[in-house]
Amino acid sequence: MRRLVDSTRWRFIACVVVSNLLSGLVSAKPIQNMVEATKSISRGDYSVRVEESGSGDIAELLRSFNRMTAELGSTEMMRNDFINIFSHEFKTPIVSIRGFARRLRRGGLTKEQQAEYLDFIVEESERLSKLASNVLLISRYENQKLVAEQTDYDLDEQIRTSVLRLESQWAPRGLIFELDLPRLPYRNNSEMMEHVWMNLISNAIKFSRDGGAIFISGAQENDRIFVTVRDEGTGIRPEDLGHIFDKFYQGDSSRVSVGNGLGLALVHRIVELSGGSITAESTLGKGSTFRLELPATPLR
């Protein structure tokens, strides 16, 4: 009887060992496939995928590997797109400046033509400078996790000051500002938040029709501050509305000449970094509305 028990025990142990070995053999193929796929990724091929076979931990590992590869491919595509668009945006004003400068050097122009070409050079230089500044700011704030140098100030006064600073843009066009801003005590990095108002108000001015109105209102409810910037301008196409906070996105061609697609991306990142949110609504031909929600309590 004892021999029978011992024999059964050894048979059971043998079965377990064989089972483990078979399991190892089954797992070896998917793992080997993943190793080969990893080598492809290291060479820059993010399209590679492994067959999601098996069960348990091995199956989950394979699924996770494919998700990771897909995300890497998406990130690489966005990086390439960013570089291509960035290069184009920088090249365009540089080519214009070079062309006008060469024409001036050749001479034979009237004083009016000379003045016109110099104005073009100044405008393109300012465009290039603004583009470089915005790229640096976005890079800075994207890599920033905390808001430093916070001070207490009135948000409503900062908005009014931004409107006045842009007077040279809206006054000659007969634009009217209607402000409904109660006192809004706030704590944040004031220099950082200034970029938000300057970009939003500047956009409202650019896309408003001459003689139109721009409305800015604010309110505080409990621990939240709400600010709305609304214009009655050209509006944004529905297919563009979901992309306006993307870097370098300019939408329809009518907007290309008046911006470089970085202002709203910068606004979105600053608001996000400040613990708030921003949304946009627009009706083509009737104008756009930007709504911000910010924490009234100090940031931690």
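Laboratory data are not the source of any read-out in this text; all were calculated from the coordinates shown. Source: prediction; values computed, not measured. Here the Cβ positions follow ideal geometry from the backbone for every residue, glycine too, while neighbour counts run over all protein chains shown.
The amide H of L262, built 1.01 Å from its N in the peptide plane, has F248 as neighbours under 5 Å, considering only residues 5 or more places off or on other chains.
A crude spin-label estimate for the pair E221 and E281, with each label 7 Å from Cα along the Cβ direction, gives 1.3 nm. For I214, the residues whose amide H sits under 5 Å from its own are I176, F177, E178, ignoring neighbours fewer than 5 places away on the same chain, with H placed 1.01 Å from N.
From most to least packed by mean Cβ count within 10 Å, the peptides 191-204, 219-232 give 191-204, 219-232. Given a Förster radius of 25 Å and the C-beta distance between E194 and L118 as r, what FRET efficiency does 1/(1 + (r/R0)^6) yield to the nearest 0.05? About 0.25, to the nearest 0.05. When every alpha-carbon pair in the range 85-142 is counted, what percent end up more than 18 Å apart? Percent of Cα pairs beyond 18 Å in the range 85-142: 43.
Across the range 212-224, computed HN-Hα scalar couplings (Karplus, 6.51 cos²θ - 1.76 cosθ + 1.60, θ = phi - 60°) run x, 10, 10, 10, 10, 10, x, 7, 10, 10, 6, 9, 10 Hz from first to last residue, x flagging Gly and Pro. The tail of the calculated P(r) for the range 259-298, taken as Cα-Cα distances beyond 13 Å, holds 60 percent of the pairs. Shown in residue order for the range 122-137 are the 3J(HN,Hα) couplings computed by the Karplus curve 6.51 cos²θ - 1.76 cosθ + 1.60 at θ = phi - 60°: 5, 4, 5, 5, 5, 4, 5, 5, 5, 4, 4, 5, 5, 4, 5, 5 Hz (x for Gly and Pro).
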